[in-house]
Amino acid sequence: MTEQSAPTAPENASPAPFATADLLLAFVNTQSQPGRARDLLDDRTALSQWLSSYSMDDGAMIVTDADAAATRELRGALTTVFRSHVGCEQGAELLGEAEQLLRSYGQRYPLTPVIEADGCTFRPSHTGIVGAFEALLAAAVDLAARDVWARMKMCSSSSCYRGFYDRTRNSSGRYCSTRCSQQAATHAYRDRQKKNCATKPTPAA
């Protein structure tokens, strides 16, 4: 199997301000994308390579195809939640199912609270592949504690759907980059023009 590189941010997109946001965005962006047909979590070898690229596999981790399937399931649930953050109808329709799945993962992979003088964090309770699942869940908890969870979104562009961190002041962003925003505006303009042409009365002969 060929070596896979870690997902890169879309053109014009800024890095997320928190490492935990970067981790979850990289995770949801492992699904097939325009210009990259292959899913980066499609089997155990691919999953192991991705985990290694984010320092979650020390080389001794045992990863199975069932683990890869479980990570894709977790990724799908997070993707649905992020889509709901931009008002995507598909995300809203599937949101309850996704939230239930995430609750079941939370029960299956419990985190350990670490209480210190300067605050409290939740960290993985295990090592290995179980610890990797817990690290992803801990990242979500961290972002919720920072009150930025709603800024984790999926691009609304019909040709993109990449995860991104919304940096707008009022958290109203819908696109991962200026390129996607401009393309969406162009498509909307053309659609309006077609609609106007279709409704324009035909001059009398």
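All of the numbers you see were taken from the coordinates with simple rules; none came from a lab. Because the structure is predicted, anything quoted here is derived from the model rather than measured. Heads up, the Cβs are rebuilt from the backbone with ideal geometry, glycines too, and the neighbour counts pull from every protein chain shown.
Considering only Ser181, Ala145, Gly131, and ranking their Cα positions along the charge dipole of the range 19-199 that arises from unit charges at the beta-carbon of Lys, Arg, Asp and Glu, the one farthest toward the positive end is Ser181.
Kirkwood-based Rg over Rh for the range 19-199 (C-alpha set), two decimals? Radius of gyration relative to Kirkwood radius: 1.03. Modelled spin-label separation between Ile115 and Ser159, with each label point placed 7 Å from Cα along the Cα-to-Cβ direction: 5.4 nm.
The distance between label points at Ala60 and Ala37 comes to 4.0 nm (points 7 Å beyond Cα on the Cα→Cβ vector).
Overall, the range 9-134 carries a charge dipole of about 60 debye about its Cα centre when +1 sits on the Cβ of Lys and Arg and -1 on the Cβ of Asp and Glu, all other atoms neutral. Contact order, relative form, for the range 19-199: 21 percent (alpha carbon pairs under 8 Å, 6 or more residues apart, mean separation divided by residue count).
The 3J(HN,Hα) values that the Karplus relation (6.51, -1.76, 1.60; θ = phi - 60°) gives for the range 50-60 are, in residue order, 5, 4, 5, 5, 10, 6, 10, 10, 8, x, 9 Hz. Gly and Pro appear as x.
Each Lys or Arg adds one and each Asp or Glu subtracts one; over the other residues with Cβ under 15 Å from the Cβ of Val86, this totals +3.
Between Gln49, Phe82, Thr64, whose Cα lies farthest towards the positive end of the dipole of the range 43-96 when Lys and Arg beta carbons carry +1 and Asp and Glu beta carbons carry -1, centred on the Cα centre? Going by the charge dipole, the pick is Phe82. Sorting Arg83, Arg103 from the fewest to the most surrounding beta carbons within 10 angstrom yields Arg103, Arg83.
Neighbour counts of C-beta atoms inside 10 Å place Glu116, Glu93, Glu134 in the sequence Glu116, Glu93, Glu134, starting with the fewest. Going by neighbour counts of Cβ atoms within 10 Å, the residues His126, His85 line up, fewest first, as His126, His85.
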